[in-house]
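What follows draws every value from the coordinates through simple rules; no lab data is involved. Bear in mind the structure is a predicted one, so any value in this text is a computation, not a measurement. Heads up, the Cβs are rebuilt from the backbone with ideal geometry, glycines too, and the neighbour counts pull from every protein chain shown.
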Amino acid sequence: MAFLSSTRANYKTTNSDPMEARNTTESDPSKDQLLEALRHSQTRAREAEKSVKQAYSEKEYIIELIFRQASDLFAYKQWIQLLQLETICHQFKHKDQLISALFPVVLPWMPNKSKQVKKGKHKTSMGKKGQSIYDIMKNVVAFAVGLGLVGAGLLLGWTIGWLLPRF
């Protein structure tokens with residue numbers, strides 16, 4: 001206990017004299033260098049924080065632009081489809097033709113059903129286990145399209161992952 005009180009007394013006496021504290025910092029150049037390095041480090045840290053905030057705001061702006069462009073593209077696609085339908089209706093109103101002659105075989109946004117072959121026609125070309133070649137090819141194409149979608153999703157996720165901050 002006596003040691004603790006004497007340490008406090010020494011601390012108070014050494015700390016109470018500002019001239020003595022100033023002399024110790026002037027006499028110790030390594031402390032000055034350390035303090036200067038600390039100041040520069042803090043300045044660099046503040047600048048880095050500012051640049052991170054700026055990069056984050058730019059990333060948010062870019063994401064907003066991407067979503068805005070995607071919605072614009074979707075709206076334009078819908079608009080084109082609407083204009084195509086209006087053109088077909090306009091042709092129908094002003095011409096006395098058959099409906100089948102006015103409409104194209106396939107509308108641009110609809111799948112072509114006339115090219116699909118019925119399963120009954122391929123009964124002669126059976127593959128393994130009673131499946132027709134048409135069914136096998138249909139499954140292969142579906143699998144390839146699925147892999148393509150997965151790859152596109154991975155690519156999109158990876159690219160957006162670079163834009164998002166790490167936690």
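Determine the gain in length on full extension of the stretch Ser51-Leu156; use 0.36 nm per residue of separation and subtract their C-alpha separation, reporting nm with one decimal. List each step's numbers first, then the result.
On the way: separation 105, 0.36 × 105 = 37.80 nm, distance 2.54 nm.
In short, 35.3 nm is gained.
Less than 5 angstrom separates the built amide H of Ser132 from those of Gly127, all sequence-distant by 5 or more or on a different chain. Projected label points at Lys59 and Asp72, each 7 Å from Cα along the beta carbon direction, are separated by 2.4 nanometres.
Starting from the Cα gyration tensor of region 30-103, take the square roots of the eigenvalues, sort them a ≥ b ≥ c, and report rounded, prolate or oblate (rounded when a/c is under 1.5, otherwise prolate if a/b is larger than b/c, else oblate). Spell out each step's value before the answer.
On the way: a/c = 15.88, a/b = 10.86, b/c = 1.46.
Prolate shape, in that a/c is at least 1.5 and a/b is the bigger ratio.
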